[in-house]
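Structure first, then comments.
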Amino acid sequence: MRLIDSHAHLQAHPFDRDRPETVEAAFAAGVERLLVPGWDAPSSARALEMAEADGRLDAAAGIHPHDAATATDADWAQIVGLVGQARIVGIGETGLDYDRMHSSREAQLANLRCHLRLALDSGKPAILHCRSGPGGRDAQDDLIAELRAAGFGCAASRGAFGDRPPAVLHSYSGPVDYARAALDMGLSISFSGLVFRGGEEASGEVAVLVPAERLMIETDSPYLAPPGVPRHAGPGFSGRRNSPEWVRVTGEWLRERRGATPDSIGAGFVAAYDATFRSRSPG
């Protein structure tokens, strides 16, 4: 099965001791596309440095909702500057997190709106984190409302992206109707090891709804390790450290849910990644 990892924070501290080895292990395991997103200005700059040093990597720049309240005007100016670089292929990771609430709802919404405008202005897709508290869906409902208000699924996003997906729901979590609303706006959906956790059963139904040309997989490394990942002893992380080579576990989960062959679903992963992140915007 051909593999991609559309979201791996390889610049994070848990990889400081073995980052080059982790990258090589990913490609040895069959990963053909690997995207390193930032979560704040420094990590976004580091993602760009990695992509410029290794042409097999892509990068994205953005401010995570956890950091929405503390990000400065200078941080945002740096993000905007980074997005102008060719090796930056996406805007994010950004979005909404009403589970841990490290930033207020108001700060998160303001941060999200800036990123959505930047995606439309740049023609580079937004990478969207979205979590509600246990049993809730308020973050998902707010995200859909903000996407619609910004013009996603309408003339504004078609003008910026043509037929390309204007955004990605990263590490999918939420009810089925939330996925349907996002798909109606042309978004891509990416699944991670989160699908193996309790409370995420709706992902199994969503997995069969996503068109092949907008279906992706990821690890969200070093987080969300799927079953089978061994415990990791190292600085900056305790427990099971995820890494891109383990994306195959989620890939197999998706293959089984969709009743696909390894060849067909693997080819689809690569094509969906390229259509989302590597195709040129109109003009």
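The values are calculated or read from the model by the stated rules, or taken from the named source; none is laboratory data. Since we're looking at a predicted model, the values are computed, not measured. Here Cβ is always computed from backbone atoms with ideal geometry, including for glycine, and neighbour counts include all displayed protein chains.
The table for this structure:
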{"item": "Odd one out for residue 101 among (1) out of contact with any Cys (no Cβ under 8 Å at 6 or more places or on another chain); (2) in contact (Cβ under 8 Å) with a residue 12 or more places away in the chain; (3) at positive phi", "result": "(2)"}
{"item": "Out of 145, 181, sole residue that is in a helix (DSSP H, G or I), modelled with pLDDT of 95 or more and farther than 24 Å from residue 224 by Cβ", "result": "145"}
{"item": "The one condition in (1) under 20 Å from residue 123 (Cα atoms); (2) in a loop (DSSP other than H, G, I, E, B); (3) free of Cβ contacts under 8 Å to residues at least 40 places away in the same chain; (4) of a type in the set (Val, Ile, Thr) that residue 36 fails to fulfil", "result": "(2)"}
{"item": "Test: residue in the range 6-20 that is free of Cβ contacts under 8 Å to residues at least 40 places away in the same chain and surrounded by 21 or more Cβ atoms within 10 Å (Cβ to Cβ)", "result": "yes"}
{"item": "Positions within the range 1-30 being touching a Leu at 6+ places or on another chain (Cβ under 7 Å), not aliphatic (A, V, I, L, M) and not in a loop (DSSP other than H, G, I, E, B), in sequence order", "result": "5, 19, 22"}
{"item": "Condition check for residue 260: assigned to a helix (DSSP H, G or I) and hydrophobic (A, V, I, L, M, F, W, C)", "result": "no"}
{"item": "Hits in the range 68-111 - residues which are in a helix (DSSP H, G or I), of a type in the set (D, E, K, R) and either modelled with pLDDT under 95 or under 19 Å from residue 132 (Cβ atoms) (or both)", "result": "105, 106"}
